[in-house]
Amino acid sequence: MFLKKKWLVMLAVITAVLLLGACGGKDAGGGDPLVGGSGPQDGSPADFMPLSEGFEKYSVWIQTDENPVRDSNVNKVFVFKKGKVTAYKLEDTAIEEIHDLSDDKLVQLASESTDKILDELVDKIDGRSISTDIKERHDESFKDIYLEVDGSERSPLSSKYTLDITLDELGQNTESIKLYMPDVYYQLDEFIQGSFIDYYAYSTDPNYSKASGAKDVYTEELKRLEEYGRFEDSSNPPAPDSYVPDPIEWETTDEELTFTRGMVKQTIFGTTFSGIATDRTSLLTRVDDSFVGFRLDNPDTKSKNVTIEGK
C-alpha cells in the first residue's frame, strides 16, 4: 500500500511538471522573435509575412500608438509603391475616423492635411520681421527686414526607401530593422533671425565686439547671412539695416523608423490592422481578419530594399 501511494504521488508531480512545460511553450510573448504585441498569436513562423514583402503587397500604412485603440492618433500616412515611399502628415485624426476609408480617400485626406500644415508654416514665416527683437529692445527706429517664402510648387515627395537589418549579438538573426526614408518631408529653414540678431550686436555694440571670441561669432554669422541674402552696404562691417534676405526656399528632411520584434494586430470597429511596433509607436496597414501577421525580414532575405548593417 505504501509503495502504491508513493507511486501515485510521483505520478501527480510528473503530470504537473509536464502541464507547466506545455503552458510555457504556448506563451507567444515569451521571446518568440516573430510575434508579440497585442491580440491572439496563432500560426507557425512560415505563416508570417516579412515586412519587406508587406510593403510590396499593402501600399497604405499608418503610424499610430504601439497598442492602438479607437481614439489613438494617426499622425502619419506612408504609401509604398515599387520600391519607393511617399509620406504624409495628419493632424487631430483618430483611427475611428479613418478605419473605414478607402485607401484613395485616406491618402487624399493625408495629402490635404499635409498641405494645410505646410500652409500654416508659410503663414508663420512669410512676412515676419527678423528685426522685431532689435526694434523692441534696442532701437525703435530700426527698419523692419521681412522674410519671404519661396512660392514654388510643393509636389508630393517620393523616394527610394531601405530596410536595414541589425543583427543580434551572435550575428545570426535579425534583432531590429530600420526603415530609412530620405527626403520625404518639406521644411523651411528660418535660422537667419538668430544670426541677424548676433550680427547686429557685434556691429553696433563696442563692448560686445571686444569680448573674447566675438570676432569668431561675427565671422560665422556674417557668412550665414551672406549665404541666405546680401548686404547693400559695402562698408566693413556692413550696416545691419542694409541686409536683404533671399526668399526662403523649401528644403527636405528624412524619416527613420526602427522596428523591434513586436508584431501588432488589432481589430477596431470591425477593421483589422496589422503591423510592427517601433520603440514607441507602430506602423500598421489594414488586412483581412484571417491574416496572421508580419515579421521582420531574416538576414537571408532576397528583397532589393533590404540591407544588412548598411551593406
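The values are calculated or read from the model by the stated rules, or taken from the named source; none is laboratory data. What you are looking at is a predicted structure, and each value in this text was computed from that prediction instead of being measured. Virtual Cβ from ideal backbone geometry, glycine too; neighbours counted across all protein chains shown. The accessibility values were calculated without ligands, DNA or RNA, using every heavy atom of the protein model including side chains. Shrake-Rupley method; radii C 1.70, N 1.55, O 1.52, S 1.80 Å.
Observations on the structure shown:
- Annotation for the range 255-285: chymotrypsin sites (Phe, Trp or Tyr not before Pro) lying in DSSP loop with at most 13 further Cβ atoms inside 10 Å of their Cβ are Phe269.
- Distance-filtered residues of the range 257-272 - backbone nitrogen under 18 Å, label point 7 angstrom along Asp100 Cα→Cβ: 267-272
- For the range 152-194, the residues whose amide N sits under 14 Å from a probe point set 7 Å from the Cα of Asp119 along the beta carbon direction are 154.
- Cβ-Cβ distance of Arg230 and Gln187, R₀ of 22 Å, FRET efficiency by 1/(1 + (r/R0)^6): the value works out to about 0.40.
- Spin-label model, Thr252 to Ser111: label points 7 Å out along the Cα-to-beta-carbon direction sit 1.8 nm apart.
- Close amide H partners of Arg295, meaning residues 5 or more places away or on another chain with modelled amide H under 5 Å apart, are Met49, Leu51.
- Backbone HN-Hα couplings from phi across the range 240-250 [Karplus 6.51/-1.76/1.60, Hz, Gly and Pro as x]: x, 6, 8, 6, 10, x, 6, x, 6, 8, 6
- Distance violations [Cα-Cα > 25 Å] among Lys76/Lys116; Lys89/Lys302; Lys89/Lys304; Lys116/Lys304; Lys84/Lys302: Lys89/Lys302; Lys89/Lys304; Lys116/Lys304
- Efficiency of FRET from Cβ geometry, Ala46 and Lys311, R₀ 30 Å, rounded to 0.05: 0.65
- Contour excess over end-to-end distance, with Cα ends at Lys223 and Tyr208 and 0.36 nm allotted per residue: 3.6 nm
- Difference of contour (0.36 nm per residue) and Cα-Cα distance, Thr267 to Glu169: 31.8 nm
- Per residue accessible area in Å² of the range 76-115, where ligands, DNA and RNA are left out and the probe is 1.4 Å: 52
- Excluding ligands, DNA and RNA, the accessible surface per residue across the range 181-236 is 59 Å² with a 1.4 Å probe.
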